[in-house]
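Have a look at the structure below, then the notes.
The values are calculated or read from the model by the stated rules, or taken from the named source; none is laboratory data. None of the values given here were measured: they were computed from a predicted structure. Don't worry about glycine lacking a Cβ; one is built from the backbone with ideal geometry, like all the others, and counts go over all protein chains shown.
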């Protein structure tokens, strides 16, 4: 991996967009953490909430 990688991130001007970016960051951190076997066994498929559909499509 390159040690001196620079990323250009434009901060959102809109408050709602800022909250969305923060939520996505927390979600990515949550998804990348190692999971215990007991957590995996409890997983159940769930439908996406209707308010999230515009973000997916």
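Numerical summary
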| read-out | value |
| --- | --- |
| Residue pairs meeting the criteria (Cβ under 7 Å; at least 6 apart or on separate chains; first on the phi < 0 side of the Ramachandran plot and free of Cβ contacts under 8 Å to residues at least 12 places away in the same chain, in region 17-43; second outside any helix (DSSP H, G or I) and surrounded by 10 or more Cβ atoms within 10 Å (Cβ to Cβ)) | 18/12; 21/12 |
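To keep it simple, each residue is scored yes or no on (1) modelled with pLDDT under 80; (2) surrounded by 10 or more Cβ atoms within 10 Å (Cβ to Cβ).
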residue: 13; (1), (2): yes, no
residue: 18; (1), (2): no, yes
residue: 22; (1), (2): no, yes
residue: 25; (1), (2): no, yes
residue: 33; (1), (2): no, no
residue: 38; (1), (2): no, no
residue: 46; (1), (2): yes, no
residue: 49; (1), (2): yes, no
